[in-house]
Amino acid sequence: MKNRREFLYGLGTSLGSIALSSMLASESGADEKPNPLAPRKGHLPAKAKNCIFLMMEGGPSHVDTFDPKPALNKLHLKEFTRSGKQKSAMESGKRYYVQSPFKFNKHGESGADMADNWQHLSTVADELCFYRGCQVDSVNHPTAMYQMNCGNRFGGDPGIGAWVTYGLGTENQDLPGYIVLPDVSYPQGGAPNWSNGYLPAFYQGTPLRPKGSPILDLSPPRGITRERQRMNLDLLSKFNRHHADQNPQHQELAARLESYELAYRMQTEVPNAIDLSDESEKTLAMYGVGNDATDSFGRKCLLARKMVEKGVRFVQLFNGSWDSHDYIERAHGNLVRGVDQPIAALIKDLKSRGLLDSTLIVWCGEFGRTPDNGVRGGIAYGRDHNPNAMTIWMAGGGCNAGHTIGATDEIGMTAIEDVHHVRDFHVTLLKLLGLDDNKLTFYHAGRFKQLSQFGGKVINSLIA
């Protein structure tokens, strides 16, 4: 049975539950600090102050996006066997090699490889650092999502954004430090992908609803003015402070007072932070807002830029349906069309505002995909899950822009150069933000825990 705190917090992502995080943080031990989300210096010098994490849920195919494999052209529809013997899979009905339906070109001075349907991202190729050496442990979506987002395949651990806000706090005390922009349907694994885990509840991700009010109960009830709210809060504060003075041993009472004040402040700050009406028509068009294919993700990318401008420490965007077992040309083609322009606009917009150097952008899925697949209808070419090879790219924030690090074998089945487990990538991400994974720990269940689980190695080649 859930305990009292879990029950209260599980009531939903309403304004009250978000503000309640303040109280729960105090009850969890965060009362030792004057403000658990106050801005703090990291352990290490770093350019990156904020992070925008672009999570392509479902597993984008590296060999159809950023890691060309011309060898597959000669192997197309030949049977995939461990012995290396090949015959027509159309005859055998077994697994077969699949060539990419996309052509590849090199872009920028760096000569970055991109499939030709990345028409917009290719214009900022030299801002990107591609990493082809990452590996994970799971081929199942929920467990792989947990590992990529939380460092642990089995859920229950803090998300990356929770660790970052725990280590650095946030620069805007009127907004959550960790904001999540999900699709209408949550990703596989659900909300635990942005959980605070065993960290104090104040560090959990706050999801903004894609439809309707972004946060439930954000607006006061009809007929209740801001002035009336202020009067009610002042009266409640008077009674609560008197009660707190009589019970100084209950330190959580002060946190309850602050939770009410935070909710009040958020009612003013959140609507301004998510309002796109102050953006120019040129900016909206640049992000693809108003275009059927790009409107949804374009709005998310533009909101991410606004959040970073307002001092939110970590913003995570989810884009789903990359699980292309069939018809990969159509599926990946539509998905790339939906995110290509918005992501390129985000990079250009941040750079024009002088924010790219201080904002680390990460693009990834939970794993890559195989160079082969089973026959599905004869011509429905797709790919299966592949934990041994994937492409991650970064931009801004002190990453090694204009370089491609690591490599996979000639068919894209496994990483063979600069090979690292995802825990090493997490450690590197933290370092780019000025945090040392071995120092960013929290005592829980009898030991000090960390994002990497038991330590990792920084991938120095990813850092400029």
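Is there a residue being under 23 Å from V339 (Cα atoms) and hydroxyl-bearing (S, T, Y) anywhere in the stretch 407-417? Break it down into steps so the answer makes sense when it comes.
Narrowing the stretch 407-417 to residues under 23 Å from V339 (Cα atoms): none.
Scanning the stretch 407-417, I find no residue that is under 23 Å from V339 (Cα atoms) and hydroxyl-bearing (S, T, Y), so the answer is no.
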Just name the residue that is nearest to I160 (Cα to Cα) out of those in the stretch 422-464 that are part of a loop (DSSP other than H, G, I, E, B) and among the hydroxyl-bearing types (S, T, Y). S452
Which pairs have Cβ atoms under 6 Å, sit 6 or more apart or on different chains, and link a residue in the stretch 76-105 that is closer than 18 Å to T65 by Cβ to one that is at pLDDT 85 or above and among the small types (G, A, S)? F102/A115; F104/A115
Kindly indicate the residue of the stretch 338-377 that is closer than 18 Å to S100 by Cβ and of a type in the set (K, R) and also modelled with the lowest pLDDT among those meeting that condition. R376
Which of the residues that make up the stretch 144-171 are crowded, with 18+ Cβ neighbours inside 10 Å, more than 14 Å from the chain's Cα centre (by Cα) and farther than 28 Å from D323 by Cβ? Y166, G167, L168, G169, T170
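Can you pull out every residue in the stretch 262-291 that is among the acidic types (D, E), outside any helix (DSSP H, G or I) and without any contact (Cβ under 8 Å) to a residue 12 or more places away in the chain?
To start, the set of residues in the stretch 262-291 that are among the acidic types (D, E) comprises 269, 275, 278-279, 281.
If we keep only those that are outside any helix (DSSP H, G or I) as well, we get 275, 278-279.
Matches in the stretch 262-291: D275, D278.
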Looking at the stretch 79-125, which of the residues that are modelled with pLDDT of 85 or more and on the phi > 0 side of the Ramachandran plot is surrounded by the most Cβ atoms within 10 Å (Cβ to Cβ)? G108
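Just one of T408, T359 is in contact with a Cys (Cβ under 8 Å, 6 or more places away or on another chain) and of a type in the set (V, I, T); which is it? Let's see the steps before the verdict.
Values: T408 fails: in contact with a Cys (Cβ under 8 Å, 6 or more places away or on another chain).
Going through T408, T359 in turn, the sole match is T359.
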Scan E252, E261 and give me the residue that is among the acidic types (D, E), modelled with pLDDT under 65, out of contact with any Gly (no Cβ under 9 Å at 6 or more places or on another chain) and within 30 Å of P182 (Cα to Cα). E261
Considering the stretch 173-226, residues that are hydrophobic (A, V, I, L, M, F, W, C), part of a loop (DSSP other than H, G, I, E, B) and out of contact with any helix residue (DSSP H, G or I) (no Cβ under 8 Å at 6 or more places or on another chain), and then whichever is modelled with the highest pLDDT, we arrive at V184
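Within the stretch 106-129, which residues are closer than 20 Å to G58 by Cβ and either in a strand (DSSP E or B) or without any contact (Cβ under 8 Å) to a residue 12 or more places away in the chain (or both)? Lay out the reasoning, then the answer.
Filtering the stretch 106-129 down to residues closer than 20 Å to G58 by Cβ leaves 114-115, 117-118, 121.
Of everything in the stretch 106-129, those that are closer than 20 Å to G58 by Cβ and either in a strand (DSSP E or B) or without any contact (Cβ under 8 Å) to a residue 12 or more places away in the chain (or both) turn out to be M114, A115.
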With the requirement that a residue be buried (at least 24 other Cβ atoms within 10 Å of the Cβ) and of a type in the set (D, E), what does the stretch 126-143 give you? E127
Restricting the search to the stretch 383-407, which residues are closer than 24 Å to S321 by Cα, part of a strand (DSSP E or B) and more than 19 Å from the chain's Cα centre (by Cα)? H385, N386
For the stretch 417-458, how many residues meet the condition of being surrounded by fewer than 22 Cβ atoms within 10 Å (Cβ to Cβ), β-branched (V, I, T) and touching a residue at least 24 places away in the same chain (Cβ under 8 Å)? 2
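Right, V308: crowded, with 22+ Cβ neighbours inside 10 Å and either in contact with a helix residue (DSSP H, G or I) (Cβ under 6 Å, 6 or more places away or on another chain) or not in a helix (DSSP H, G or I) (or both) or not?
It is false that V308 is crowded, with 22+ Cβ neighbours inside 10 Å and either in contact with a helix residue (DSSP H, G or I) (Cβ under 6 Å, 6 or more places away or on another chain) or not in a helix (DSSP H, G or I) (or both).
The values are calculated or read from the model by the stated rules, or taken from the named source; none is laboratory data. Everything numeric in this text was worked out from a predicted model, so none of it was measured. Note that each Cβ is placed from the backbone with ideal geometry, even for glycine, and that neighbours are counted across all protein chains shown.
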